[in-house]
Amino acid sequence: MQIHTNFSLKNYNTFGIEAKAKEFVSVHSSDELIEILQQKPTSKKFILGGGSNMLLTQDIDALVIHLDLKGKKIIDENDDFVWVESQAGENWHEFVLWTIDQNFGGLENLSLIPGNVGTTPIQNIGAYGVEIKDTFVLCEAIHIETQELLVFTNEKCKFGYRESIFKNEIKDEFVITSVVFKLTKRNHILNTSYGAIEAELEKQHIKNPSLKDVSNAVIAIRQSKLPNPKELGNSGSFFKNPVILKSDFEKIQQKFPDIPHYVVSETEVKVPAGWLIEQAGFKGKRFGDAGIHKHQALVLVNYGHATGQEILEVSKTIQKTILDTYGIAIEAEVNII
Ligand code: EPU
(Lines give C-alpha, C1' and ligand atoms only; values in the text may rest on other atoms or scores of the structure.)
Protein backbone atom coordinates (compact mmCIF):
# COMPACT_ATOMS: atom_id res chain seq x y z
CA MET A 1 0.00 0.00 0.00
CA GLN A 2 1.50 3.27 -1.06
CA ILE A 3 0.76 6.39 0.94
CA HIS A 4 0.81 9.52 -1.21
CA THR A 5 1.24 12.97 0.28
CA ASN A 6 -0.33 16.24 -0.86
CA PHE A 7 -2.50 14.23 -3.27
CA SER A 8 -5.00 15.85 -5.67
CA LEU A 9 -8.60 14.67 -5.20
CA LYS A 10 -9.88 16.24 -8.45
CA ASN A 11 -10.42 12.82 -10.06
CA TYR A 12 -11.91 11.35 -6.89
CA ASN A 13 -14.97 13.59 -6.52
CA THR A 14 -17.72 13.82 -9.13
CA PHE A 15 -17.97 17.61 -8.70
CA GLY A 16 -14.41 17.69 -10.11
CA ILE A 17 -13.23 20.09 -7.41
CA GLU A 18 -9.52 20.61 -6.96
CA ALA A 19 -8.60 19.92 -3.33
CA LYS A 20 -5.63 18.17 -1.78
CA ALA A 21 -5.41 15.33 0.72
CA LYS A 22 -2.59 15.58 3.26
CA GLU A 23 -2.16 11.82 2.83
CA PHE A 24 -3.94 9.36 0.51
CA VAL A 25 -4.03 5.59 0.31
CA SER A 26 -6.15 3.12 -1.68
CA VAL A 27 -7.16 -0.11 0.06
CA HIS A 28 -8.23 -3.21 -1.85
CA SER A 29 -9.41 -5.53 0.92
CA SER A 30 -10.71 -5.48 4.50
CA ASP A 31 -7.30 -6.74 5.59
CA GLU A 32 -5.54 -3.80 3.95
CA LEU A 33 -8.06 -1.45 5.56
CA ILE A 34 -7.43 -2.93 9.01
CA GLU A 35 -3.67 -2.80 8.39
CA ILE A 36 -3.69 0.91 7.57
CA LEU A 37 -6.00 1.72 10.50
CA GLN A 38 -3.58 -0.08 12.84
CA GLN A 39 -0.52 1.48 11.23
CA LYS A 40 -1.90 5.03 11.67
CA PRO A 41 -3.84 4.95 14.95
CA THR A 42 -3.44 8.63 15.74
CA SER A 43 -3.89 10.15 12.25
CA LYS A 44 -7.16 11.87 11.46
CA LYS A 45 -8.94 9.76 8.84
CA PHE A 46 -11.32 10.51 6.01
CA ILE A 47 -13.06 7.62 4.25
CA LEU A 48 -13.61 8.07 0.53
CA GLY A 49 -15.92 5.93 -1.60
CA GLY A 50 -17.04 7.02 -5.06
CA GLY A 51 -16.85 10.72 -4.15
CA SER A 52 -20.30 11.26 -5.64
CA ASN A 53 -22.07 12.79 -2.69
CA MET A 54 -19.71 15.41 -1.34
CA LEU A 55 -18.63 18.96 -1.93
CA LEU A 56 -14.99 19.64 -1.09
CA THR A 57 -14.71 23.21 0.16
CA GLN A 58 -11.16 22.88 1.48
CA ASP A 59 -8.09 20.65 1.46
CA ILE A 60 -8.43 17.56 3.64
CA ASP A 61 -6.01 17.68 6.53
CA ALA A 62 -6.20 13.94 7.15
CA LEU A 63 -5.28 10.51 5.84
CA VAL A 64 -7.79 9.87 3.04
CA ILE A 65 -8.55 6.16 2.77
CA HIS A 66 -9.94 5.37 -0.66
CA LEU A 67 -12.06 2.19 -0.60
CA ASP A 68 -11.21 0.12 -3.65
CA LEU A 69 -12.58 -3.22 -2.45
CA LYS A 70 -13.88 -5.20 -5.45
CA GLY A 71 -15.95 -8.34 -5.94
CA LYS A 72 -19.56 -9.42 -6.22
CA LYS A 73 -21.11 -12.84 -5.84
CA ILE A 74 -24.22 -14.87 -5.11
CA ILE A 75 -24.12 -16.06 -1.52
CA ASP A 76 -27.46 -17.89 -1.27
CA GLU A 77 -30.56 -18.62 -3.30
CA ASN A 78 -33.82 -20.51 -3.43
CA ASP A 79 -36.42 -20.82 -6.18
CA ASP A 80 -37.72 -17.30 -5.64
CA PHE A 81 -34.89 -15.20 -4.25
CA VAL A 82 -31.18 -14.67 -4.50
CA TRP A 83 -28.87 -13.04 -1.98
CA VAL A 84 -26.03 -11.14 -3.64
CA GLU A 85 -23.05 -9.60 -1.92
CA SER A 86 -20.98 -6.75 -3.28
CA GLN A 87 -17.78 -5.29 -1.92
CA ALA A 88 -17.92 -1.60 -1.07
CA GLY A 89 -15.72 -0.34 -3.92
CA GLU A 90 -17.82 -1.76 -6.77
CA ASN A 91 -19.38 0.91 -8.98
CA TRP A 92 -23.10 1.03 -8.17
CA HIS A 93 -24.43 1.20 -11.72
CA GLU A 94 -22.19 -1.65 -12.94
CA PHE A 95 -23.42 -3.73 -10.01
CA VAL A 96 -27.06 -2.96 -10.90
CA LEU A 97 -26.45 -3.96 -14.54
CA TRP A 98 -24.80 -7.22 -13.37
CA THR A 99 -27.94 -8.10 -11.37
CA ILE A 100 -30.24 -7.24 -14.28
CA ASP A 101 -28.16 -9.31 -16.73
CA GLN A 102 -28.88 -12.32 -14.54
CA ASN A 103 -32.58 -11.41 -14.36
CA PHE A 104 -32.43 -10.57 -10.65
CA GLY A 105 -35.09 -7.99 -9.76
CA GLY A 106 -35.22 -5.14 -7.27
CA LEU A 107 -32.54 -2.63 -8.24
CA GLU A 108 -33.66 -1.70 -11.77
CA ASN A 109 -35.20 1.66 -10.72
CA LEU A 110 -31.88 2.60 -9.15
CA SER A 111 -29.96 2.38 -12.44
CA LEU A 112 -27.36 5.02 -13.30
CA ILE A 113 -27.05 6.48 -9.79
CA PRO A 114 -23.42 7.58 -9.43
CA GLY A 115 -21.22 6.28 -6.62
CA ASN A 116 -20.08 3.00 -5.15
CA VAL A 117 -22.02 0.18 -3.51
CA GLY A 118 -20.53 0.80 -0.06
CA THR A 119 -21.91 4.30 0.23
CA THR A 120 -25.46 3.50 -0.89
CA PRO A 121 -26.72 2.56 2.61
CA ILE A 122 -25.34 5.74 4.19
CA GLN A 123 -27.94 7.92 2.54
CA ASN A 124 -30.41 5.17 1.61
CA ILE A 125 -30.21 6.13 -2.06
CA GLY A 126 -33.50 6.29 -3.87
CA ALA A 127 -35.09 7.08 -7.20
CA TYR A 128 -38.40 6.54 -9.01
CA GLY A 129 -40.30 5.16 -6.05
CA VAL A 130 -37.61 2.72 -4.86
CA GLU A 131 -35.04 2.99 -2.09
CA ILE A 132 -32.10 0.79 -1.19
CA LYS A 133 -33.82 -0.18 2.05
CA ASP A 134 -36.40 -2.19 0.02
CA THR A 135 -33.82 -4.86 -0.93
CA PHE A 136 -31.01 -4.27 1.56
CA VAL A 137 -30.41 -7.23 3.90
CA LEU A 138 -27.24 -6.28 5.77
CA CYS A 139 -23.86 -4.68 5.49
CA GLU A 140 -20.54 -5.41 7.15
CA ALA A 141 -18.62 -2.52 8.60
CA ILE A 142 -15.31 -2.05 10.37
CA HIS A 143 -15.09 0.18 13.40
CA ILE A 144 -12.36 2.73 12.73
CA GLU A 145 -11.09 2.92 16.34
CA THR A 146 -11.17 -0.76 17.30
CA GLN A 147 -11.07 -2.43 13.84
CA GLU A 148 -13.90 -4.67 15.03
CA LEU A 149 -16.14 -6.05 12.26
CA LEU A 150 -19.86 -5.54 12.82
CA VAL A 151 -22.93 -6.61 10.88
CA PHE A 152 -25.73 -4.05 10.42
CA THR A 153 -29.09 -5.56 9.55
CA ASN A 154 -31.74 -3.56 7.71
CA GLU A 155 -33.48 -2.71 10.97
CA LYS A 156 -30.26 -1.68 12.68
CA CYS A 157 -29.53 0.82 9.87
CA LYS A 158 -32.61 2.92 10.80
CA PHE A 159 -33.26 3.89 7.20
CA GLY A 160 -35.32 6.99 6.40
CA TYR A 161 -35.61 9.37 3.43
CA ARG A 162 -31.93 9.86 2.50
CA GLU A 163 -31.08 8.91 6.09
CA SER A 164 -29.52 6.09 8.08
CA ILE A 165 -27.71 5.44 11.33
CA PHE A 166 -24.43 6.03 9.43
CA LYS A 167 -25.35 9.71 8.94
CA ASN A 168 -26.53 10.14 12.50
CA GLU A 169 -25.77 8.23 15.73
CA ILE A 170 -22.56 6.58 14.43
CA LYS A 171 -21.47 9.17 11.86
CA ASP A 172 -17.83 8.70 10.78
CA GLU A 173 -17.28 5.79 13.16
CA PHE A 174 -17.50 2.88 10.70
CA VAL A 175 -16.34 1.91 7.24
CA ILE A 176 -18.85 -0.16 5.28
CA THR A 177 -16.92 -2.91 3.49
CA SER A 178 -19.66 -5.00 1.85
CA VAL A 179 -23.44 -5.05 1.32
CA VAL A 180 -25.94 -7.90 0.81
CA PHE A 181 -29.18 -7.47 -1.16
CA LYS A 182 -32.12 -9.87 -1.50
CA LEU A 183 -33.42 -9.85 -5.07
CA THR A 184 -36.19 -11.70 -6.88
CA LYS A 185 -35.47 -14.52 -9.34
CA ARG A 186 -39.05 -14.73 -10.60
CA ASN A 187 -42.39 -12.98 -10.03
CA HIS A 188 -40.56 -9.67 -10.16
CA ILE A 189 -42.44 -6.78 -8.61
CA LEU A 190 -41.91 -3.97 -11.08
CA ASN A 191 -42.37 -0.47 -9.79
CA THR A 192 -43.34 1.54 -12.84
CA SER A 193 -46.01 3.67 -11.24
CA TYR A 194 -43.69 6.67 -11.09
CA GLY A 195 -45.08 8.91 -13.82
CA ALA A 196 -41.92 9.43 -15.82
CA ILE A 197 -41.26 5.66 -16.10
CA GLU A 198 -44.77 4.94 -17.39
CA ALA A 199 -44.50 7.72 -19.94
CA GLU A 200 -41.07 6.52 -21.10
CA LEU A 201 -42.25 2.89 -21.53
CA GLU A 202 -45.28 4.11 -23.43
CA LYS A 203 -43.06 6.21 -25.67
CA GLN A 204 -41.08 3.06 -26.46
CA HIS A 205 -44.34 1.06 -27.03
CA ILE A 206 -43.45 -1.44 -24.28
CA LYS A 207 -46.50 -3.11 -22.72
CA ASN A 208 -45.02 -5.88 -20.54
CA PRO A 209 -41.68 -4.50 -19.47
CA SER A 210 -38.76 -6.70 -18.42
CA LEU A 211 -36.27 -5.66 -15.73
CA LYS A 212 -33.99 -4.48 -18.54
CA ASP A 213 -36.79 -2.37 -20.07
CA VAL A 214 -37.42 -0.63 -16.74
CA SER A 215 -33.69 -0.07 -16.25
CA ASN A 216 -33.38 1.34 -19.77
CA ALA A 217 -36.36 3.65 -19.17
CA VAL A 218 -34.77 4.93 -15.96
CA ILE A 219 -31.46 5.43 -17.76
CA ALA A 220 -33.21 7.40 -20.52
CA ILE A 221 -35.03 9.62 -18.00
CA ARG A 222 -31.90 10.26 -15.95
CA GLN A 223 -29.85 11.04 -19.04
CA SER A 224 -32.43 13.57 -20.19
CA LYS A 225 -32.50 15.41 -16.84
CA LEU A 226 -29.32 14.75 -14.95
CA PRO A 227 -25.86 15.76 -16.13
CA ASN A 228 -23.21 13.05 -16.56
CA PRO A 229 -20.51 13.83 -13.98
CA LYS A 230 -17.86 12.82 -16.53
CA GLU A 231 -19.01 15.69 -18.75
CA LEU A 232 -20.22 18.23 -16.19
CA GLY A 233 -19.14 18.03 -12.55
CA ASN A 234 -22.05 17.48 -10.14
CA SER A 235 -23.21 15.47 -7.17
CA GLY A 236 -26.78 14.63 -8.18
CA SER A 237 -29.46 16.32 -6.10
CA PHE A 238 -27.68 18.94 -4.04
CA PHE A 239 -30.64 19.45 -1.68
CA LYS A 240 -33.16 17.14 -0.06
CA ASN A 241 -36.81 17.65 -0.80
CA PRO A 242 -38.13 19.37 2.33
CA VAL A 243 -40.76 17.66 4.45
CA ILE A 244 -42.95 20.30 6.10
CA LEU A 245 -46.00 20.40 8.33
CA LYS A 246 -49.30 20.09 6.50
CA SER A 247 -50.56 23.18 8.31
CA ASP A 248 -47.58 25.21 7.06
CA PHE A 249 -48.02 23.77 3.58
CA GLU A 250 -51.65 24.86 3.41
CA LYS A 251 -50.66 28.46 4.15
CA ILE A 252 -48.01 28.38 1.39
CA GLN A 253 -50.50 26.78 -1.02
CA GLN A 254 -52.90 29.70 -0.58
CA LYS A 255 -50.20 32.01 -1.92
CA PHE A 256 -48.79 29.55 -4.51
CA PRO A 257 -51.72 27.34 -5.65
CA ASP A 258 -49.59 25.43 -8.24
CA ILE A 259 -47.06 24.12 -5.73
CA PRO A 260 -46.56 20.34 -6.28
CA HIS A 261 -46.49 18.11 -3.20
CA TYR A 262 -46.61 14.52 -1.97
CA VAL A 263 -48.42 13.53 1.20
CA VAL A 264 -45.94 11.85 3.56
CA SER A 265 -48.19 11.29 6.58
CA GLU A 266 -51.34 12.73 8.09
CA THR A 267 -49.42 15.73 9.32
CA GLU A 268 -46.55 16.06 6.82
CA VAL A 269 -46.09 16.97 3.17
CA LYS A 270 -42.99 16.73 0.95
CA VAL A 271 -42.35 19.54 -1.51
CA PRO A 272 -39.99 19.19 -4.51
CA ALA A 273 -37.07 21.52 -3.89
CA GLY A 274 -36.41 21.49 -7.66
CA TRP A 275 -39.74 23.24 -8.22
CA LEU A 276 -39.08 25.85 -5.53
CA ILE A 277 -35.63 26.58 -6.98
CA GLU A 278 -36.98 26.80 -10.53
CA GLN A 279 -39.83 29.13 -9.47
CA ALA A 280 -37.29 31.33 -7.71
CA GLY A 281 -35.60 31.79 -11.09
CA PHE A 282 -32.38 29.88 -10.52
CA LYS A 283 -32.73 27.07 -13.06
CA GLY A 284 -29.94 27.25 -15.66
CA LYS A 285 -28.27 30.26 -13.98
CA ARG A 286 -24.52 30.46 -13.89
CA PHE A 287 -22.28 32.32 -11.43
CA GLY A 288 -18.75 32.07 -12.81
CA ASP A 289 -18.07 28.34 -13.13
CA ALA A 290 -20.72 27.36 -10.56
CA GLY A 291 -24.30 26.91 -11.70
CA ILE A 292 -27.73 25.37 -11.48
CA HIS A 293 -28.41 22.66 -14.05
CA LYS A 294 -30.68 23.69 -16.93
CA HIS A 295 -32.83 20.52 -16.85
CA GLN A 296 -33.06 19.85 -13.10
CA ALA A 297 -32.83 22.74 -10.65
CA LEU A 298 -31.97 20.43 -7.74
CA VAL A 299 -28.56 19.77 -9.25
CA LEU A 300 -25.68 22.21 -8.86
CA VAL A 301 -22.89 21.94 -11.41
CA ASN A 302 -19.24 22.82 -11.89
CA TYR A 303 -18.59 24.19 -15.39
CA GLY A 304 -14.86 23.59 -15.02
CA HIS A 305 -12.91 25.46 -12.43
CA ALA A 306 -15.43 26.32 -9.72
CA THR A 307 -14.10 25.98 -6.20
CA GLY A 308 -16.07 24.20 -3.53
CA GLN A 309 -16.51 27.55 -1.78
CA GLU A 310 -18.08 29.07 -4.89
CA ILE A 311 -20.58 26.22 -5.20
CA LEU A 312 -21.30 26.49 -1.47
CA GLU A 313 -21.99 30.22 -1.88
CA VAL A 314 -24.49 29.51 -4.69
CA SER A 315 -26.19 26.91 -2.49
CA LYS A 316 -26.48 29.41 0.37
CA THR A 317 -27.97 32.06 -1.92
CA ILE A 318 -30.56 29.51 -3.07
CA GLN A 319 -31.36 28.46 0.51
CA LYS A 320 -31.82 32.08 1.61
CA THR A 321 -34.06 32.94 -1.33
CA ILE A 322 -36.28 29.88 -0.78
CA LEU A 323 -36.54 30.69 2.93
CA ASP A 324 -37.42 34.34 2.24
CA THR A 325 -39.93 33.51 -0.51
CA TYR A 326 -41.68 30.42 0.81
CA GLY A 327 -40.63 30.24 4.45
CA ILE A 328 -39.19 26.77 3.71
CA ALA A 329 -35.70 25.76 4.86
CA ILE A 330 -34.02 23.42 2.37
CA GLU A 331 -31.12 21.29 3.55
CA ALA A 332 -28.12 20.08 1.56
CA GLU A 333 -28.22 16.39 0.67
CA VAL A 334 -24.53 16.22 -0.19
CA ASN A 335 -21.90 16.23 2.53
CA ILE A 336 -20.14 19.57 2.74
CA ILE A 337 -16.50 18.92 3.62
N1 EPU B 1 -39.28 20.03 -10.66
C2 EPU B 1 -39.37 21.29 -11.19
N3 EPU B 1 -38.21 21.87 -11.65
C4 EPU B 1 -37.00 21.24 -11.60
C5 EPU B 1 -36.93 19.95 -11.04
C6 EPU B 1 -38.08 19.35 -10.58
O7 EPU B 1 -40.41 21.89 -11.27
O8 EPU B 1 -36.03 21.83 -12.07
C9 EPU B 1 -40.52 19.38 -10.22
C10 EPU B 1 -40.93 18.32 -11.25
O11 EPU B 1 -41.71 18.86 -12.26
C12 EPU B 1 -41.73 17.36 -10.41
C13 EPU B 1 -41.01 17.42 -9.08
O14 EPU B 1 -40.30 18.64 -9.05
O15 EPU B 1 -43.03 17.81 -10.22
C16 EPU B 1 -40.10 16.23 -8.84
O17 EPU B 1 -39.07 16.20 -9.80
P18 EPU B 1 -38.24 14.86 -10.17
O19 EPU B 1 -39.15 13.77 -10.50
O20 EPU B 1 -37.20 15.25 -11.15
O21 EPU B 1 -37.59 14.42 -8.80
P22 EPU B 1 -36.90 15.24 -7.62
O23 EPU B 1 -37.80 15.21 -6.45
O24 EPU B 1 -36.43 16.56 -8.10
C25 EPU B 1 -35.83 13.06 -6.57
C26 EPU B 1 -34.49 12.60 -6.08
C27 EPU B 1 -33.59 12.23 -7.24
C28 EPU B 1 -34.27 11.13 -8.05
C29 EPU B 1 -35.65 11.63 -8.50
C30 EPU B 1 -36.45 10.58 -9.23
C31 EPU B 1 -34.16 13.78 -3.97
C32 EPU B 1 -33.40 14.81 -3.25
N33 EPU B 1 -33.87 13.63 -5.26
O34 EPU B 1 -35.64 14.28 -7.31
O35 EPU B 1 -32.37 11.72 -6.72
O36 EPU B 1 -33.49 10.74 -9.15
O37 EPU B 1 -36.42 12.05 -7.35
O38 EPU B 1 -36.97 9.67 -8.32
O39 EPU B 1 -35.00 13.08 -3.37
C40 EPU B 1 -30.15 12.27 -6.08
O41 EPU B 1 -30.50 12.03 -4.92
O42 EPU B 1 -28.97 12.60 -6.37
C43 EPU B 1 -31.14 12.20 -7.14
C44 EPU B 1 -30.87 12.57 -8.38
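The values are calculated or read from the model by the stated rules, or taken from the named source; none is laboratory data. Computed from a predicted structure; not experimentally measured. We place every Cβ from the backbone using ideal geometry, glycine too, and count neighbours over all the protein chains shown.
Among the residues of segment 218-276, which ones are among the hydroxyl-bearing types (Ser, Thr, Tyr), part of a helix (DSSP H, G or I) and within 20 Å of residue 111 (Cα to Cα)?
224
Might you check whether a residue that is in contact with a Phe, Trp or Tyr (Cβ under 8 Å, 6 or more places away or on another chain) and farther than 17 Å from residue 121 by Cβ occurs anywhere in segment 35-45?
No, every residue in segment 35-45 fails to be in contact with a Phe, Trp or Tyr (Cβ under 8 Å, 6 or more places away or on another chain) and farther than 17 Å from residue 121 by Cβ.
So residue 271 clears everything in (1) free of Cβ contacts under 8 Å to residues at least 40 places away in the same chain; (2) more than 16 Å from residue 226 (Cα to Cα); (3) crowded, with 18+ Cβ neighbours inside 10 Å except one condition, right? Which one?
(1)
Yes/no matrix, rows are residues, columns are (1) within 16 Å of the ligand (Cβ to nearest atom); (2) closer than 30 Å to residue 297 by Cα; (3) in contact with a helix residue (DSSP H, G or I) (Cβ under 6 Å, 6 or more places away or on another chain); (4) without any contact (Cβ under 8 Å) to a residue 24 or more places away in the chain:
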site: 130; (1), (2), (3), (4): yes, yes, yes, no
site: 178; (1), (2), (3), (4): no, no, no, no
site: 186; (1), (2), (3), (4): no, no, no, no
site: 198; (1), (2), (3), (4): yes, yes, no, yes
site: 201; (1), (2), (3), (4): yes, yes, yes, yes
site: 204; (1), (2), (3), (4): no, yes, no, yes
site: 221; (1), (2), (3), (4): yes, yes, yes, no
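Which of the residues belonging to segment 181-195 are hydroxyl-bearing (Ser, Thr, Tyr) and either modelled with pLDDT of 95 or more or surrounded by 17 or more Cβ atoms within 10 Å (Cβ to Cβ) (or both)?
Correct list: 184, 192, 194.
For the condition more than 16 Å from the ligand (Cβ to nearest atom), at pLDDT 95 or above and of a type in the set (Gly, Ala, Ser), what is the one hit in 86, 111?
Matching residue, one of 86, 111: 86.
Where residues in segment 283-296 are within 9 Å of the ligand (Cβ to nearest atom) and in contact (Cβ under 8 Å) with a residue 24 or more places away in the chain, which of them is farthest from residue 319 (Cα to Cα)?
The residue in question is 295.
Conditions (1) at pLDDT below 95; (2) among the aliphatic types (A, V, I, L, M); (3) closer than 19 Å to residue 16 by Cα, marked per residue:
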{"residue": "251", "(1), (2), (3)": "yes, no, no"}
{"residue": "266", "(1), (2), (3)": "yes, no, no"}
{"residue": "274", "(1), (2), (3)": "no, no, no"}
{"residue": "300", "(1), (2), (3)": "no, yes, yes"}
{"residue": "313", "(1), (2), (3)": "no, no, yes"}
{"residue": "316", "(1), (2), (3)": "no, no, no"}
{"residue": "319", "(1), (2), (3)": "no, no, no"}
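Might you let me know whether segment 133-152 holds any residue that is without any contact (Cβ under 8 Å) to a residue 12 or more places away in the chain and either assigned by TED's automatic domain parsing to the domain that holds residue 84 or not in a loop (DSSP other than H, G, I, E, B) (or both)?
yes
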